[in-house]
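The values are calculated or read from the model by the stated rules, or taken from the named source; none is laboratory data. This is a predicted model, so every value here is computed, not measured. Quick reminder, even Gly has a Cβ in these numbers, built from the backbone with ideal geometry, and neighbours come from all protein chains shown. The accessibility values were calculated without ligands, DNA or RNA, using every heavy atom of the protein model including side chains. Shrake-Rupley method; radii C 1.70, N 1.55, O 1.52, S 1.80 Å.
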Amino acid sequence: GTGNLVIGTSGKGIDFSAVSDGSRSVSSNLLDDYEEGTWTPAISGGTLTITSVDTASYTKIGNLVTVQFFLTLNDNGAGSSAIFSGLPFTVSTDHYYTGVFTNNNGDLTSTKFGRANSNTTVMPVYKNASSTALQTDIDGSWVICSLTYQTS
């Protein structure tokens, strides 16, 4: 009558295999995982720190995870790399994912992006095509990020 559909056995879910049209290779038509919640972003190493977290949430559907955060950093990040850590799920092996990243430092001439690294729970932030994580370009500012990645 009323209420939620409850799957009573771990690893079971909703099977959509009857809708497969056979024109593509499908590894699974089973929706067996959904989760949403909050997480705690952190900064790895150096003197750059998070002074406040306004929001940090995630949604996991199957093996696809989307995280968002809005936080403020201190202003003494000289020599510190901007490496956000604590993603709620480990990034799948042999994959890298790019996140949309913005902050309020007023530098409109550079593109900043986060890249979730394979088999980790970290996301360094880069500027333009650099291979070195940002340092002082984002200290003392608010930061907004959205990242979608696969997990095992």
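List of remarks:
- All positions within region 63-77 that are open to solvent by less than 20 Å² (accessible area, probe 1.4 Å) and within 30 Å of T9 (Cα to Cα): V65, V67
- Filtered residues of region 120-133 (kept if modelled with pLDDT under 85, assigned to a loop (DSSP other than H, G, I, E, B) and open to solvent by less than 70 Å² (accessible area, probe 1.4 Å)): S130, A133
- Selection of region 134-147 for residues being at pLDDT 85 or above and either outside any strand (DSSP E or B) or open to solvent by 60 Å² or more (accessible area, probe 1.4 Å) (or both) yields W142, I144.
Let's see how each residue does on (1) surrounded by fewer than 13 Cβ atoms within 10 Å (Cβ to Cβ); (2) closer than 14 Å to L87 by Cβ; (3) in contact (Cβ under 8 Å) with a residue 24 or more places away in the chain:
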{"residue": "G8", "(1), (2), (3)": "yes, no, no"}
{"residue": "G11", "(1), (2), (3)": "yes, no, no"}
{"residue": "I14", "(1), (2), (3)": "yes, no, no"}
{"residue": "S27", "(1), (2), (3)": "yes, no, no"}
{"residue": "A42", "(1), (2), (3)": "no, yes, yes"}
{"residue": "S57", "(1), (2), (3)": "no, yes, no"}
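- Exclusive hit being modelled with pLDDT under 90 and within 30 Å of L31 (Cβ to Cβ), set N105, N117: N117
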